[in-house]
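Heads up: the structure comes next, in structure tokens.
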Amino acid sequence: MHALDALGARLERTNELLQRMLAEVAKTPSTHAIFVDAGYVHAAAGLLVAGTEDRRSFDLDAEGLIEAFIDKARTIFADSRLLRVYWYDGARRRIHTPEQQAIAELPDVKVRLGNLNANNQQKGVDSLIRTDLESLARHRAISDAALVGGDEDLVSAVEAAQGYGARVHLWGIEAAEGRNQAEALLWEVDSQRTFELDFCRPYVTRRPVTTYENEGEPPPSREEVRFVGAQIAATWLAERGRDRLAELLPGAPYLPGPVDQDLLVEAERLLSRSLRGHAALRRALRDGFWQHLKAQY
């Protein structure tokens, strides 16, 4: 009988501790975070509003869009508090651009950077999202995650967070045509939401097209264009470093498409003249670019 009394006392004590724990959990407010793949947002919103995925062709009001995401989350997660917004983007050598620096200075926003490769493609962003999602879910720092993205590689991030009890809600931007989010990702999440054209339009502004053509003025000389090519090469080398130069050199005298396009756009800006249709001047531009780079190697 004594043993049964002791067992009953232990059970009563266990139940009391369990009730206390449940009461504490009930008092703990829910917490949500917003995870934004900036590459997806630029591509999807740019294509929907401005008709292009090229970041150079439009401006994105990131601050306004982030605030709109926060407001939307307040409505959806009414009894929850915001932990922060995570903004994932790519940058050369993971060095913040002025735009990314301005975003990082916003309250309740953390910028996380992956790399940009030679084709201006983000590398490492999906793994950053997975690390943050999994870590926050594992430590019970969030109960809900709003994920703004579309890449199938994010499926593992969703699964990791759900494995620790967090709910993951996929937010997307209306596709101009077809789909811009992987089906596997849509299947895996707990809920889906799509932001349509009217939501996105205030935050995307197409830049005016400048042709730089001045009637009656002669085109720049080959030497002038070659000098500009060398100027751009000096800036390129300072930003990307000698390792990137070593990768580029075996392809000389040819340039990868994205590098060649960036070179042309920057040269036209510096010269205030279009070089489209001037094959000889474009060759001079590349000659100046390569001449400077080879001299520094």
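For the condition part of a helix (DSSP H, G or I), among the hydrophobic types (A, V, I, L, M, F, W, C) and assigned by the TED database to the domain that holds I173, V36 does not qualify.
Criterion first (out of contact with any strand residue (DSSP E or B) (no Cβ under 7 Å at 6 or more places or on another chain), basic (K, R), modelled with pLDDT under 95 and open to solvent by 60 Å² or more (accessible area, probe 1.4 Å)) does R130 satisfy it? Yes: the conditions hold for R130. Pairing residues of the range 54-82 that are over 21 Å from R140 (Cβ atoms) and in a helix (DSSP H, G or I) with residues that are open to solvent by 20 Å² or more (accessible area, probe 1.4 Å) and among the hydroxyl-bearing types (S, T, Y), at Cβ distances under 6 Å and at least 6 apart in sequence or on separate chains, gives G64/Y203; L65/Y203. Inside the range 60-111, residues that are open to solvent by 70 Å² or more (accessible area, probe 1.4 Å), closer than 22 Å to R206 by Cβ and modelled with pLDDT under 90 make up a count of 2.
For R286, indicate whether it is more than 23 Å from I95 (Cβ to Cβ) and either out of contact with any strand residue (DSSP E or B) (no Cβ under 6 Å at 6 or more places or on another chain) or outside any helix (DSSP H, G or I) (or both). Full working, then the answer.
Numbers: more than 23 Å from I95 (Cβ to Cβ): yes; either out of contact with any strand residue (DSSP E or B) (no Cβ under 6 Å at 6 or more places or on another chain) or outside any helix (DSSP H, G or I) (or both): yes.
The answer is yes for R286.
Screening N180, N214 for residues that are outside the structural domain of L263 (by the TED database), assigned to a loop (DSSP other than H, G, I, E, B) and either modelled with pLDDT of 90 or more or touching a Leu at 6+ places or on another chain (Cβ under 9 Å) (or both) leaves exactly one candidate, N180.
Return a yes/no flag: does the range 98-121 have any residue that is within 20 Å of R193 (Cβ to Cβ), more than 16 Å from the chain's Cα centre (by Cα) and without any contact (Cβ under 8 Å) to a residue 24 or more places away in the chain.
Kept after step one, since they are within 20 Å of R193 (Cβ to Cβ), are these residues of the range 98-121: none.
So far as the range 98-121 goes, no, none of its residues is within 20 Å of R193 (Cβ to Cβ), more than 16 Å from the chain's Cα centre (by Cα) and without any contact (Cβ under 8 Å) to a residue 24 or more places away in the chain.
Does L154 satisfy the condition of being at pLDDT below 95, assigned by the TED database to the domain that holds R55, part of a loop (DSSP other than H, G, I, E, B) and in contact with a helix residue (DSSP H, G or I) (Cβ under 8 Å, 6 or more places away or on another chain)? When the stated conditions are applied, L154 does not pass them. Among residues of the range 232-254 that are assigned to a helix (DSSP H, G or I), those with a beta-carbon under 8 Å from a residue that is loosely packed, with under 13 Cβ neighbours inside 10 Å and of a type in the set (S, T, Y) at least six positions away or on a different chain give the pairs R242/Y297; L245/Y297; A246/Y297; L249/Y297.
Would the range 193-216 turn up any residue that is open to solvent by 20 Å² or more (accessible area, probe 1.4 Å) and under 22 Å from L133 (Cα atoms)? Break it down stepwise before answering.
The first filter runs over the range 193-216 and keeps only residues open to solvent by 20 Å² or more (accessible area, probe 1.4 Å), leaving 193-194, 196-199, 201-203, 205-216.
The next check asks that each one be under 22 Å from L133 (Cα atoms); those that pass are 193-194.
Among the residues of the range 193-216, at least one is open to solvent by 20 Å² or more (accessible area, probe 1.4 Å) and under 22 Å from L133 (Cα atoms), which makes the answer yes.
Counting the residues of the range 255-273 that are surrounded by fewer than 16 Cβ atoms within 10 Å (Cβ to Cβ) and not in a helix (DSSP H, G or I) gives 2. When E53 is tested against (1) surrounded by 13 or more Cβ atoms within 10 Å (Cβ to Cβ); (2) in contact with a helix residue (DSSP H, G or I) (Cβ under 9 Å, 6 or more places away or on another chain); (3) modelled with pLDDT of 90 or more, only condition (3) is not met.
The values are calculated or read from the model by the stated rules, or taken from the named source; none is laboratory data. These numbers come from a predicted model, not from an experiment. So basically every Cβ, Gly included, is an ideal-geometry build from the backbone, and we count neighbours across all protein chains shown. Areas reflect the complete protein model, heavy atoms only, side chains present, ligands, DNA and RNA absent. Shrake-Rupley method; radii C 1.70, N 1.55, O 1.52, S 1.80 Å.
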